[in-house]
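Laboratory data are not the source of any read-out in this text; all were calculated from the coordinates shown. The structure displayed is predicted, hence computed values, not measured ones. Cβ placement follows ideal geometry from the backbone for every residue including glycine, while neighbour counts extend to all protein chains displayed.
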Amino acid sequence: MENKIEKLLWSIALPGFAQILNGKLIKGIVFISLELLINVQANLNLVIIDSFHGNMLKAIDLTDYQWLMFYPCLYMFSIWDAYRDAGGGRSPFSFLPFVFAAFLSTIGVIYSPTLEIFGLLLGPVFSPIIFLLIGVIIGWIIKICVLSISNLKQ
């Protein structure tokens with residue numbers, strides 16, 4: 001279990017790191033390259049800095065949404081792939097929390113320029129993160145429901 005968690009955390013830090021640790025050098029280099037390409041094209045690092053400083057309108061203006069739309073799926077797939085390669089995710093439907101997180105996080109990107117909670121504009125960093133967490137929860141609940149139904153049929 002410790003190995004799976006370690007790989008999961010390295011993949012969260014930077015997509016591709018865990019694949020390299022899992023001995024999948026080419027896959028790791030591909031993920032890191034895609035991460036860098038999307039990061040640079042979307043201006044993601046600058047967007048993160050302004051978002052954390054509370055400059056949401058500047059972060060929104062800096063964001064290239066055509067590129068940022070790719071990021072949640074790449075990010076979540078990289079995490080899922082690293083976890084699976086480390087021996088996790090062998091149970092049926094264990095991919096569902098990752099898939100729903102990617103899908104809803106992408107929706108968070110779409111609504112990030114306008115989504116406000118309690119009058120606070122969330123912007124292109126915090127909106128996708130909130131949607132990602134909701135996606136993990138929904139995916140986890142659906143996984144449990146599907147497994148429960150399949151166990152009842154057996």
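Using Cα-Cα distances under 8 Å and only pairs 6 or more residues apart, what relative contact order does the chain have, in percent?
That works out to 21 percent.
Calculate, for ILE144 and ILE117, the FRET efficiency according to 1/(1 + (r/R0)^6) with r their C-beta to C-beta distance and R0 30 Å; round to the nearest 0.05.
0.65
What do the square roots of 5 times the Cα gyration tensor eigenvalues come to for the range 2-153, in whole Å, largest first, as semi-axes of the equivalent ellipsoid?
With the √(5λ) rule applied to the range 2-153, the semi-axes are 28, 21, 11 Å.
May I ask you to list, by number, the DSSP H helices of the chain whose Cα span along the axis is at least 24 Å and whose average Kyte-Doolittle hydropathy reaches 0.0 or more?
Helix filter hits for the chain: 25-42, 123-153.
Run down the lysines and flag those whose C-alpha is under 30 Å from the C-alpha of LYS7, throwing out any fewer than 8 positions away in its chain.
LYS24, LYS27, LYS143
Taking 0.36 nm per residue of separation and subtracting the Cα-Cα distance, what length does fully extending CYS73 through LEU57 add?
Value of the extension gain: 3.3 nm.
Arranged by the count of other C-beta atoms within 10 angstrom, fewest first, what order do THR63, THR106 take?
Details: THR63 23, THR106 20.
The fewest-first ordering by Cβ neighbours comes to THR106, THR63.
Rounded to the nearest 20 Debye, what is the dipole magnitude of the chain about its Cα centre when Lys and Arg each give +1 and Asp and Glu each give -1 at the C-beta? Mind dumping the intermediate values first?
Working: 9 positive and 9 negative charges, 128 e Å.
Here the size comes out at about 620 debye.
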